[in-house]
1. Could you list, in sequence order, all residues of segment 69-100 that are charged (D, E, K, R) and free of Cβ contacts under 8 Å to residues at least 24 places away in the same chain?
2. Considering only residues of segment 110-152 that are touching a residue at least 40 places away in the same chain (Cβ under 8 Å) and basic (Lys, Arg), which is farthest from LEU96 (Cα to Cα)?
3. Considering only residues that are under 23 Å from GLU11 (Cα atoms), touching an Asp or Glu at 6+ places or on another chain (Cβ under 8 Å) and not hydrophobic (A, V, I, L, M, F, W, C), which ones fall in segment 104-126?
4. Of the residues that make up segment 55-63, is at least one aliphatic (A, V, I, L, M), in contact (Cβ under 8 Å) with a residue 24 or more places away in the chain and surrounded by fewer than 16 Cβ atoms within 10 Å (Cβ to Cβ)?
5. Condition test on VAL103, is it under 28 Å from ALA5 (Cβ atoms), surrounded by fewer than 17 Cβ atoms within 10 Å (Cβ to Cβ), free of Cβ contacts under 8 Å to residues at least 24 places away in the same chain and touching a strand residue (DSSP E or B) at 6+ places or on another chain (Cβ under 6 Å)?
6. Name the single residue that is farthest from the chain's Cα centre (by Cα) among those in segment 1-51 being closer than 22 Å to THR146 by Cα and of a type in the set (S, T, N, Q).
7. Residues that are closer than 13 Å to ALA123 by Cβ: which helices (runs of 4 or more DSSP H) entirely in segment 1-91 hold 2 or more of them?
8. Could you count how many residues in segment 109-152 are over 18 Å from the mean Cα position of the chain (by Cα), in a strand (DSSP E or B) and within 21 Å of PRO71 (Cβ to Cβ)?
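Computed from the coordinates by the stated procedures, all read-outs in this text should not be read as laboratory data. Quick caveat, the model's predicted, so the values are computed rather than measured. Neighbour counts run over all protein chains shown; Cβ positions are idealised from the backbone, glycine included.
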Amino acid sequence: MASWAEFASAEPALASRVQQRFDTRKHKTLATLRKDGSPRISGIEVEFAEGEIFLGLMPGSRKLYDLERDPRLALHSPTDDPPPDNPREWPGEAKLAGFAHEVDVTNSPVEGGRRFRVDIREAVFTHLNDAGDQLVIESWHPGEGTQRLERR
């Protein structure tokens, strides 16, 4: 696992592109695991601060119960469709996978709100190549570096 700062230090250009995609809009998508093991997706806000990624969760939310039971998660950035007249202008999308760890929250804007730090197991940035005719998937894993895959 790695903190955001460790990822950004190891792969600054890739981390910058991933964060830019997450910063495009306020609401992201969080995937957690239900009690029966099936996936649940929920909207969430993500904060990049102090070299970490943080999630704030409302008391009594299903996603909170999911993370208390099983800390595995995936986050997906907001997405845009490629411009039909120029797909090369598509900004791409970003994904993070890892584990949530609860941290102290001193001034929650919501009474009983909880805060979690995300440890990264995988960071992915998906975009089109310069010609706009192949999908490019750049993925980073702690201790393994970055792999790049192009496919039609």
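1. ASP81, ASP85, GLU89
2. Checking each candidate, the answer is ARG114.
3. Within segment 104-126, ARG117, THR126 meet the criteria.
4. Taking segment 55-63 first, the residues aliphatic (A, V, I, L, M) are 55, 57-58.
Remaining after also requiring in contact (Cβ under 8 Å) with a residue 24 or more places away in the chain: 55, 57-58.
Checking the rest, the ones that are also surrounded by fewer than 16 Cβ atoms within 10 Å (Cβ to Cβ) come to 58.
Yes, segment 55-63 contains a residue that is aliphatic (A, V, I, L, M), in contact (Cβ under 8 Å) with a residue 24 or more places away in the chain and surrounded by fewer than 16 Cβ atoms within 10 Å (Cβ to Cβ).
5. Details: under 28 Å from ALA5 (Cβ atoms): yes; surrounded by fewer than 17 Cβ atoms within 10 Å (Cβ to Cβ): yes; free of Cβ contacts under 8 Å to residues at least 24 places away in the same chain: no; touching a strand residue (DSSP E or B) at 6+ places or on another chain (Cβ under 6 Å): yes.
The answer is no for VAL103.
6. Applying the filter and picking the extreme gives SER9.
7. Details: elements: 4-10, 12-22, 62-69.
So the answer is 4-10, 12-22.
8. Residues meeting the conditions: 1.
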